[in-house]
1. Anything in segment 95-109 that is open to solvent by less than 10 Å² (accessible area, probe 1.4 Å) and assigned to a helix (DSSP H, G or I)? List them, or say none.
2. Kindly indicate whether any position in segment 98-108 is at pLDDT 95 or above, more than 25 Å from K149 (Cα to Cα) and among the basic types (K, R).
3. Considering only segment 114-171, state which residues are of a type in the set (V, I, T), closer than 20 Å to Y184 by Cβ and either open to solvent by 20 Å² or more (accessible area, probe 1.4 Å) or part of a loop (DSSP other than H, G, I, E, B) (or both).
4. Please give the strands (runs of 3 or more DSSP E) falling wholly within segment 1-92 in which 2 or more residues are modelled with pLDDT under 95.
5. Only one residue in L81, L51 is within 14 Å of I113 (Cα to Cα) and free of Cβ contacts under 8 Å to residues at least 40 places away in the same chain, so which one is that?
6. What single numbered condition from (1) of a type outside the set (K, R); (2) under 13 Å from the mean Cα position of the chain (by Cα); (3) more than 19 Å from Q133 (Cα to Cα) fails to hold for H14?
Amino acid sequence: MREYFPNIKFQPFHVYNRGTEKRVIFLDYIEYCRFIFLMYICRIGSPSINLSKKNVGQAAEAILRGEKPDQRLFIEQYSPLVSFITWNLLPNHFHFILIPLVEGGISKFMAKIANAYTKYFNTRHQRGGRLFQGSYQSIAIKNPPYFYKLIRYININHLELIEPQWKERIIHNRTKAEKFIDSYEHSAHQDFLGYRHSLLLDRKLISDLFGAQF
């Protein structure tokens, strides 16, 4: 892998999953916030108990603004398991590009976030059983041109919400599509545009991968 990405220790992986039977896993704004909060916290520890809608929403918004969330909301237990290169959350699935920082970092992180979010979602909606469609999928990225193409694909994947044929290069309203892509909050795209500097992305590692300051 060093042959392809010589400046990093571990290779990047495309990690994704969806709701079981393609069900919606984010039903409202606060559920997106909860998952974003867990994306940050499960890398380094565990969330505190008895979290409210208000403080989770504020914590997620702080993370996206580049501010550390209230330390009373989580327990920091270890060094980060993974680094985020990019991410996108859609109503029934998500995409990450992750780099493990420790042996088995991705599997540990994904187990923690899936368990924590499923427990939260099931409690909130008074349901039981699996939320996600089996185990997450993880694909090693070994080709730099594909890596850069995949980042773009993930960053704007939410375009399918208003232009379902965009992957076939069919876009009916390009102006509306561009505005929607750039205004979507539940993706790393705004970070790549320079509109925000969230705490989720590992900016130094991204700079190393691109060979330029991010």
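The values are calculated or read from the model by the stated rules, or taken from the named source; none is laboratory data. What you are looking at is a predicted structure, and each value in this text was computed from that prediction instead of being measured. Cβ sites come from the backbone with ideal geometry, for glycine too, and all protein chains shown count toward neighbours. Note: areas computed on protein heavy atoms with side chains; ligands, DNA, RNA excluded. Shrake-Rupley method; radii C 1.70, N 1.55, O 1.52, S 1.80 Å.
1. G105, F109
2. So far as segment 98-108 goes, yes, one or more of its residues are at pLDDT 95 or above, more than 25 Å from K149 (Cα to Cα) and among the basic types (K, R).
3. To start, the set of residues in segment 114-171 that are of a type in the set (V, I, T) comprises 118, 123, 139, 141, 151, 154, 156, 162, 170-171.
So of that shortlist, the ones also closer than 20 Å to Y184 by Cβ come out as 151, 154, 156, 162, 170-171.
Those that are of a type in the set (V, I, T), closer than 20 Å to Y184 by Cβ and either open to solvent by 20 Å² or more (accessible area, probe 1.4 Å) or part of a loop (DSSP other than H, G, I, E, B) (or both): I156, I162, I170, I171.
4. Working: elements: 13-18, 45-47, 74-76, 82-90.
By residue number, 45-47, 74-76.
5. Numbers: L51 fails: within 14 Å of I113 (Cα to Cα).
Exactly one residue qualifies, and that residue is L81.
6. Going through (1) of a type outside the set (K, R); (2) under 13 Å from the mean Cα position of the chain (by Cα); (3) more than 19 Å from Q133 (Cα to Cα) one by one, H14 breaks only (3).
Listed here are the residues, each with its yes/no results for (1) more than 25 Å from T20 (Cα to Cα); (2) touching a His at 6+ places or on another chain (Cβ under 7 Å).
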position	(1), (2)
Y78	yes, no
T86	no, no
L90	no, yes
F96	no, no
L101	yes, no
F121	no, no
Y153	no, no
I162	no, no
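Residue-by-condition table, conditions (1) over 13 Å from the mean Cα position of the chain (by Cα); (2) under 30 Å from Q213 (Cβ atoms); (3) among the basic types (K, R); (4) surrounded by 13 or more Cβ atoms within 10 Å (Cβ to Cβ):
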| residue | (1), (2), (3), (4) |
| --- | --- |
| I25 | yes, no, no, yes |
| I36 | no, yes, no, yes |
| Q71 | yes, yes, no, no |
| H93 | no, no, no, yes |
